[in-house]
1. Could you grab me the full set of residues in region 23-52 that are of a type outside the set (A, V, I, L, M, F, W, C), open to solvent by less than 40 Å² (accessible area, probe 1.4 Å) and either modelled with pLDDT of 90 or more or closer than 23 Å to V106 by Cβ (or both)?
2. So which residues in region 173-198 are among the charged types (D, E, K, R), within 17 Å of V144 (Cα to Cα) and either part of a helix (DSSP H, G or I) or without any contact (Cβ under 8 Å) to a residue 12 or more places away in the chain (or both), if there are any at all?
3. What number of residues in region 278-297 are in a helix (DSSP H, G or I) and surrounded by 13 or more Cβ atoms within 10 Å (Cβ to Cβ)?
4. Of the conditions (1) assigned to a strand (DSSP E or B); (2) open to solvent by 60 Å² or more (accessible area, probe 1.4 Å); (3) hydrophobic (A, V, I, L, M, F, W, C), L275 satisfies every one except a single condition; which number is it?
5. With respect to K109, determine if the residue is among the basic types (K, R), in a loop (DSSP other than H, G, I, E, B) and modelled with pLDDT under 90.
6. Whether any residue in region 250-257 is at pLDDT below 90 and either under 30 Å from V129 (Cα atoms) or exposed (fewer than 14 other Cβ atoms within 10 Å of the Cβ) (or both) is what I want to check.
7. Considering (1) touching a residue at least 60 places away in the same chain (Cβ under 8 Å); (2) more than 16 Å from Q102 (Cα to Cα); (3) loosely packed, with under 15 Cβ neighbours inside 10 Å, say which one T87 fails and leave the rest.
8. Test of understanding: among F117, F99, which residue is open to solvent by less than 40 Å² (accessible area, probe 1.4 Å), assigned to a helix (DSSP H, G or I) and among the aromatic types (F, W, Y)?
Amino acid sequence: MGERMISNQVLQDTVDGIKSISRTDLCIMDTEGKAVASTLSDVSEYVESVMIFAQSLAESQMMQGHQFFKVFDENQLEYIILVKGETDDAYMVGKLAAFQIQNLLVAYKERFDKDNFIKNLLLDNLLLVDIYNRSKKLHIDIEVKRIVYIIETIKDKDNNSLEIVRSLFATKSHDFVTAVDEKNIILVREVRPGEGLDDFYKTANVVLDTLKSADYDKVNVALGTVVDDIKEVSRSYKEAKMALAVGKIFYEEESVVAYSNLGIGRLIYQLPLPLCKMFIKEIFENKSPDDFDEETLTTINKFFENNLNVSETSRQLYIHRNTLVYRLDKLQKQTNLDLRVFEDAITFKIALMVVKYMKYMESIEF
């Protein structure tokens, strides 16, 4: 099986629980005779017996004053349970322990299989026929509206953010929480009837607040759009990924970004860099919007915020109307763009965004 699905901690909790109820000591060993969970202090003297038992055909056996039991995972020997004592009670404890662990294997396997399926679905690793077959097998509805969220947390020390998000959605068996890399948690959420963008934002904010209260200082949530069929889930994931990237460039102050609200940012994000450079050069010749001083940039941004309204902008900047007009005239001399003219204002606004994009792309290349 390679990677064990059940952690040793879960097995240890199980043997501790069984011991506290039955007052009987027991140990779970793997097929190499290594103790993975135990209430006995030393089991080294039984390793040889365990190995002999593992090779035998018997389901259970008594040796050295202990009872041995086998636990299988689909015909493959997975664990051996060792129970202290030769009485009928000890035998019963062993059978119960084997039954309990067998059930854990099944439950964890299903969770593992679902998780595995969702990961491959998101990464586009499955053929259409596989998607439908595996959905049926795992009892996952095919034609249900779903939306994908990506939750990015910055906190390297202990990564239990995945568990925190899981606990928020664990009760709803139709939602899936998984991770395909170190940094991002992915939530595939079933959309309830009548839910819209506002509700999706609400869910995102619940996740945000929960993680913030658990000391995650920097959390970003991005969401794709609603898809109708399980095969489209990877599209919503790609959209969420783009929203995360575009949000970082153009909407840094937003913690939640939706693909459907990206506006011009989405267009710019898809432009090749040489084209951007050409555009900037064509408009500003050898200047870049970056070269403007702080005062000019503040003025420009305020002017945009107030829909190119001169009186309102000068009032908010606490300057005389003529001062603002003077600044706009000066800018027009430098760039040949008059921000009071709608067409020029658009060009300038896009140019500022393009420069932001170029800077970001250069920063991640190095």
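The values are calculated or read from the model by the stated rules, or taken from the named source; none is laboratory data. Being a predicted model, the structure only gives us computed values, none of them experimental. All Cβ positions, glycine included, derive from the backbone under ideal geometry; neighbour counts span all protein chains shown. Areas reflect the complete protein model, heavy atoms only, side chains present, ligands, DNA and RNA absent. Shrake-Rupley method; radii C 1.70, N 1.55, O 1.52, S 1.80 Å.
1. T24, D25, D30, S38, T39
2. R192, E195
3. Residues of region 278-297 that are in a helix (DSSP H, G or I), as a first pass: 278-284, 289-291, 294-297.
Next cut, surrounded by 13 or more Cβ atoms within 10 Å (Cβ to Cβ) only: 279-280, 283-284, 289-290, 296-297.
Number satisfying all stated conditions: 8.
4. (1)
5. Numbers: among the basic types (K, R): yes; in a loop (DSSP other than H, G, I, E, B): no; modelled with pLDDT under 90: yes.
Considered against the rule, which asks whether it is among the basic types (K, R), in a loop (DSSP other than H, G, I, E, B) and modelled with pLDDT under 90, K109 comes out as no.
6. Among the residues of region 250-257, at least one is at pLDDT below 90 and either under 30 Å from V129 (Cα atoms) or exposed (fewer than 14 other Cβ atoms within 10 Å of the Cβ) (or both), which makes the answer yes.
7. If we test T87 against (1) touching a residue at least 60 places away in the same chain (Cβ under 8 Å); (2) more than 16 Å from Q102 (Cα to Cα); (3) loosely packed, with under 15 Cβ neighbours inside 10 Å, just (1) comes out false.
8. Within the list F117, F99, the selection yields F117.
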